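Here the structure is laid out as C-alpha cells; the discussion comes afterwards.
The values are calculated or read from the model by the stated rules, or taken from the named source; none is laboratory data. Everything numeric in this text was worked out from a predicted model, so none of it was measured. So basically every Cβ, Gly included, is an ideal-geometry build from the backbone, and we count neighbours across all protein chains shown. The accessibility values were calculated without ligands, DNA or RNA, using every heavy atom of the protein model including side chains. Shrake-Rupley method; radii C 1.70, N 1.55, O 1.52, S 1.80 Å.
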Amino acid sequence: VRFADKMGVWNSVNETVDYDFRFGDFQQYMKLRNIAGVVYPDNESAVRDLGTKESLFRKILHLRDRTLAYVTKDLSVVNANLVGALFFGLKGALDSDSKQQFIKSGIIHLFSVSGLHVGILFALLLPLTLFLPVNKRYLAASILLIPFILTTGTNVPAVRAFLMIFVYALLRCFCFLM
C-alpha cells in the first residue's frame, strides 16, 4: 500500500470505539470531522484495491520513499524513522514511545518541516547555481526546491517559505532587487 492508494473495506462499521485518545474524547473528535465510525477488517480478503491512478505527486512521493530506503538501508528501523521524520516530516513512522519522549523534551517541532528546513536547503542549493548569471541563481535554486516541497506533503510552513523565497528570487531576477 502506497500513498494515494484507493482501498475498499467490506466489513461492518464499529461505531463504539474504545481507543486511548490523548487529546480528549475520541467520539467527539470523530463527530467533529464527520467520521461515522472505525472499520476493523475481519481478514485480508475484506480489503480490496479499487485501482489507483498514477499521478505526478504519487510518483514523487514514491521516489522520496525509495530514496529514503536507500539512504537509510544500513540504519536500524528506529534511526531510519528518525531520518524520515527529520528531513521529510514523516512523524507517523516514529514509534509511540519515541514520539512521547520527543513531546516531553519539547523538541517534537524539529520533525515538522518548516521554513528553516526550506531555507537551509535553499542555502545548500545556491552554490550549485554558480554557473548561471548572478540574477538567475536565486530563481534556479528556488525552482530546485520544488521537489523537496512536494515530498514533504506540501505542508503549509514549507510552502509559505518556498513562496517567500520564490517571490524574492523573481524580484531579484528581474532587477527589482539588487
If we count every other residue with Cβ under 14 angstrom of PRO41's Cβ, Lys/Arg +1 and Asp/Glu -1, where does the sum land? -2
Potential extension, TYR168-TYR40 segment - 0.36 nm per residue separation minus Cα distance: 41.1 nm
Protein chains only, probe 1.4 Å: how do ARG137, ARG64 rank by accessible area, largest first? ARG137, ARG64
So what's the angle, to the nearest 10 degrees on a 0 to 90 scale, between helix 56-71 and the longest Cα principal axis of the chain? 90 degrees
To the nearest 20 debye, what charge dipole does the range 41-178 have about its Cα centre, counting +1 at the Cβ of each Lys and Arg and -1 at the Cβ of each Asp and Glu? 580 debye
Per residue, how much space in cubic angstrom lies within the convex hull of the C-alpha atoms of the range 68-178? 111 Å³
Bins of 10 Å from zero: percent of alpha-carbon pairs in the range 83-138: 22, 36, 21, 15, 7, 0
Over the Cα atoms of the range 129-176, each weighted equally, I'd like the Debye log10 I(q)/I(0) at q = 0.14, 0.24 Å⁻¹, rounded to two decimals. -0.35, -0.81
Work out the charge dipole of the chain with +1 on the Cβ of Lys and Arg and -1 on the Cβ of Asp and Glu about the Cα centre, then indicate which of SER142, TYR40, LEU171 is farthest towards its positive end. LEU171
Separation between the VAL156 and ASP49 pseudo-spin-labels, each 7 Å from Cα along Cα→Cβ, expressed in nm? 3.5 nm
What accessible area, in Å² to the nearest ten, does a 1.4 Å probe give for HIS109? 110 Å²
